[in-house]
Structure formats: C-alpha cells, structure tokens
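The values are calculated or read from the model by the stated rules, or taken from the named source; none is laboratory data. Since the structure is predicted, the reported quantities are computational estimates derived from the model, not experimental observations. Backbone-built Cβ (ideal geometry, glycine too); neighbour counts: all protein chains shown.
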Amino acid sequence: MEYHKKIKQYRELRNYTQEHMAELLKISQRAYSSIESGQTQLTVERLFEISTALQINIGDIIGSENQYIYNNNFNNNATQNKGSLVFNQDNFEEQRELYERLLKAKEEEIEFLKTLMQKK
C-alpha cells in the first residue's frame, strides 16, 4: 500500500476530516487532499508533521512488517469503533533502510541548525 493511502486510512480511523488535518498542518484543504490522492510528493518534514498530527510513528506511514492498526477512538464523534486491519507490509528491510535514511537526514539537519545557532 502506498503512503498516501495509509495517511487517509489513519485519518479516517481517527475520525478526522481533511479540513481538520489541513488546519493542523497549516495548509489548505485542497493541498491536503492532494497529499491523500498521491498528487503531492512529501518531504521528510511533512511526513513527520502528518505523523505527529495523526499521533502515530512515521514508521506507521512508511511501513512496518505485519503491523495491525485498530480504531480505538471511543469519543462521541466516532461512528464506527470496530478494529480494522490497515496493512501488512512484506518488504520490511527496504522500509527499515528508508526509515534509517530519514533519521540520518533529520540528524544532519539538526547538526546544521546547531551550527547556524552557534554563529549568531
């Protein structure tokens, strides 16, 4: 399953609207819709923002082997509270490598920003 489909499924499991997600990400609903439809290439930063807004780990979006995700939202707005399988990722090693590259890029960005702060 592609990441944009997972994002949509996690959003729906949280009973969030596209408008709510767009507001959390400080983008338009149309821009958010483009993310879910796969029309927008996401940056590492945007993936982290989305995972934070959905209260999940970025690994949940980019994939993990044999992971099950259940809807445990029991608030008054929840219309369906039954558990549902979202995905079963077969290519764990490739996903792990991608996740490690993302982490390394974040670490490099942090070091760069630290260097900029020291120069001020």
*asked:* Within segment 24-41, does at least one residue satisfy the condition of being surrounded by fewer than 14 Cβ atoms within 10 Å (Cβ to Cβ) and in contact (Cβ under 8 Å) with a residue 24 or more places away in the chain?
replied: yes
*So, in segment 1-55, of the ones that are of a type in the set (A, V, I, L, M, F, W, C) and assigned to a loop (DSSP other than H, G, I, E, B), which residue ends up farthest from Lys106 (Cα to Cα)?*
Met1
*Out of the residues in segment 87-120 that are assigned to a loop (DSSP other than H, G, I, E, B) and under 10 Å from Gly63 (Cα atoms), which is modelled with the highest pLDDT?*
Asn91
*With respect to Ser84, determine if the residue is surrounded by 10 or more Cβ atoms within 10 Å (Cβ to Cβ), at pLDDT 85 or above and in contact with a helix residue (DSSP H, G or I) (Cβ under 8 Å, 6 or more places away or on another chain).*
no
